[in-house]
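Single-structure report; data block below.
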Amino acid sequence: MTSRRAMLSSLLAAPVLLSVPRAFAQAWPSKNITYVVPYPPGGTTDVLARVIATRLGTALNATVVVENKPGATGAIGTEFVARAAGDGYTLLQTSTGPQSIVPNLRPNIGYDPEKSFEPIIMIGTIPSVLIVAANSPFKTVADVIAEAKKKPGSISYASGGNGTILHVSGELMKLQAGIDMVHVPYKGDTPAIQDVIAGHVAMMFAPLTPILPHVQAGRLRALAVASPQRLKSLPAVPTTAEAGLKGAEAEQWQAIYATAGTPKPVVQRLNAELAKILADPEIADRLDKLGVTAAGGTPDALAAYQKAEIAKWGNVISKAGIKLE
């Protein structure tokens, strides 16, 4: 009799427990939302975050406060969100590095890139562009590959630092082409780009926005874009696949997450509101000017994309033997 009463009590209580997330979601948000950017102010992620956070605050009739928490290639701010309460009041706008590359380089980071978060929506992708100096002898990707095969280790490529998307993009090219090149890491993309212009290093994969003015002014030559389609801003430049490097796509992506455990109705509302924001022509124009190809989509689509990216870059890092010093 006692066990039957206990079972009956639990069954009667079940609908109440199940209603808690929905009731919470209906009252949410009732206080400020913290919108974490795991990078310093001024970068692409930060600029995007401030535009989106302002619109999101209006849509939710709430205050959305952007907080920069940089460090450890984005891992510090990411861990902060992973350790927050799963109540929808702490959001993370982040990119490829912390969510798919860094976990393959630092297995003991303080978060699980998949289990610690609730995916909300993919903002968009930023393709890498393979560039050389305007006076470089390399006119095509085929020229680079031919020279590298003739003289292994004779070609250098720059990046903004070890373990960055631009570093692993170069390693992916090496693997796909079966060539050997020397990696030259810099402290940031800007000095790396300047040294490519000056001819101190042969080439690099670089984000579109900072190199486009140099390409248009004739200081740099773009050999290929590491994206599935050609770019509107560089219509004459082939994709890596068109240039003979199939499987060498390397795009930085921007996405929004909440802490694991955030109620599904909150996740769904955030996805719906953010999808409207990304579809707004004014926001689409801002994204385009930042070199971002807008994406959108469902939380499940983001989760699947991230899972594939973790596997992809993990394979590259393993085969290339990349380690952080």
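Here, each number is a calculation from the coordinates, and none is a lab measurement. Since the structure is predicted, the reported quantities are computational estimates derived from the model, not experimental observations. Methodologically, a virtual Cβ is constructed for each residue, glycine included, from the backbone with ideal geometry; neighbour enumeration extends over all protein chains shown.
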May I ask you to compute the full-extension gain from Asp300 to Ala279, defined as 0.36 nm times their residue separation minus their alpha-carbon distance, rounded to one decimal in nm? 5.7 nm
Provide the FRET efficiency to the nearest 0.05 for the Ala62-Ala308 pair, computing r from the beta carbons and using R0 = 35 Å. 0.60
What FRET efficiency comes out for Thr54 versus Lys149 if R0 is 51 angstrom and r is the Cβ-Cβ distance? Round to the nearest 0.05. 0.50
Just grab the label-to-label distance for Thr190 and Thr140, each label 7 Å out from Cα along the Cβ direction, in nm (one decimal). 3.7 nm
Please compute the contact order of the chain in relative form: average sequence separation of alpha-carbon pairs under 8 Å and at least six residues apart, divided by the residue count, as a percent. 25 percent
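Longest exposed-loop-site-free stretch of the chain, with trypsin sites (Lys or Arg not before Pro), DSSP loop and at most 13 other Cβ within 10 Å?
It runs 247-322.
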Test of understanding: ordering Tyr39, Tyr157, Tyr257 by Cβ neighbours within 10 Å, fewest first, what list do you get? Tyr39, Tyr157, Tyr257
Using just the helices of the chain, give the 222 nm mean residue ellipticity in deg cm²/dmol: DSSP H runs with n ≥ 4 each add -39,500 (n - 2.57), and the total is spread over all residues, rounded to 500. -14000 deg cm²/dmol
Calculated FRET value between Ala236 and Leu175, using beta carbons and R₀ = 22 Å, to 0.05: 0.25
Of (1) 143; (2) 178; (3) 127, which is the value of volume of the Cα convex hull per residue in Å³ derived from the coordinates here? (1)
Take Gln268 and Ser318, extend 7 Å from each Cα along the Cα→Cβ direction, and tell me the distance between the two endpoints in nm. 3.8 nm
From the Cα centre of the stretch 171-200 to that of the stretch 210-233, the distance in Å is 16 Å
